[in-house]
Amino acid sequence: MRTFFCLSLLFIFSLFVAGCKNEANPKLAVVDPEIVFAKSTLSEKGNAYLQSLLSDLQAEFEELQKKIDAAPDDEKQMIEADMQIKLLEMQQQLNIVQEHINVIISESFDKALEAYRVRNGYDIILYSAAVLASGINIDVTMPVLDELNAMTAAIDFSLPPD
């Protein structure tokens, strides 16, 4: 009787395990966000926008430097103090714009990744750096990059008015 009970429990447990195995077969993929960020047209646009802003600020700085060079000695110290304030404001403006660009890129990546996951039936997409080993090719970095590029063609990095 005891043997029959143990065999029955073993049989039920094996059916349970087999049933779970068939239901829990998630579709997995990995993505390398560093590659996506580096190669996306969105990142290129963000960098170009930041470079144009930096060029404008550089021109403004050069104008201030010319004012200092042309100023009489008794006014130079006051102009230099104004220039230091202006430099700090420029740095703050660059930091704000850079953070704004980073947020846009990050949010766009998250949306592209989720859209790709849902459309292609993936249950889980992991960062490739989190996967220590894999026996199959599960890398979807390039398709996610294509998804991001397609979704973000019309994004403008300009800051909204205050």
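Taken together, the values in this text are just the output of simple stated rules run on the coordinates, not laboratory data. The structure displayed is predicted, hence computed values, not measured ones. Virtual Cβ from ideal backbone geometry, glycine too; neighbours counted across all protein chains shown.
Average the reciprocal distances over every distinct pair of alpha-carbons in the range 87-155, invert the result, and give the Kirkwood radius in Å.
Here the Kirkwood hydrodynamic radius works out to 14.3 Å.
Excluding same-chain pairs closer than 8 in sequence, count the lysine pairs in the range 21-151 whose Cα atoms lie under 22 Å apart.
The number of close lysine pairs in the range 21-151 is 8.
Around Gln92, what is the net charge, scoring Lys/Arg as +1 and Asp/Glu as -1 over all other residues with Cβ under 12 Å from its Cβ?
Here the count lands on -1.
Across every pair of different alpha-carbon atoms, what Kirkwood hydrodynamic radius in Å does the range 21-151 reach?
Answer for the range 21-151: a Kirkwood hydrodynamic radius of 18.3 Å.
Mind listing the long-range amide H neighbours of Leu126? Cut-off is under 5 Å, sequence gap 5 or more, other chains count too, H placed in the peptide plane at 1.01 Å from N.
Residues meeting the criterion, in which the H sits 1.01 Å from N, are Ala29, Val30, Val31.
Quick check: pseudo-label points 7 Å beyond the Cα along Cα→Cβ at Tyr127 and Met151, how many nm apart are they?
1.8
With r as the distance between the Cβ atoms of Asp56 and Asp82 and R0 = 22 Å, compute the FRET efficiency 1/(1 + (r/R0)^6) and round to 0.05.
0.75
For the residues Asp82, Asp139, what sequence is obtained by ranking on other C-beta atoms within 10 Å, fewest first?
The fewest-first ordering by Cβ neighbours comes to Asp82, Asp139.
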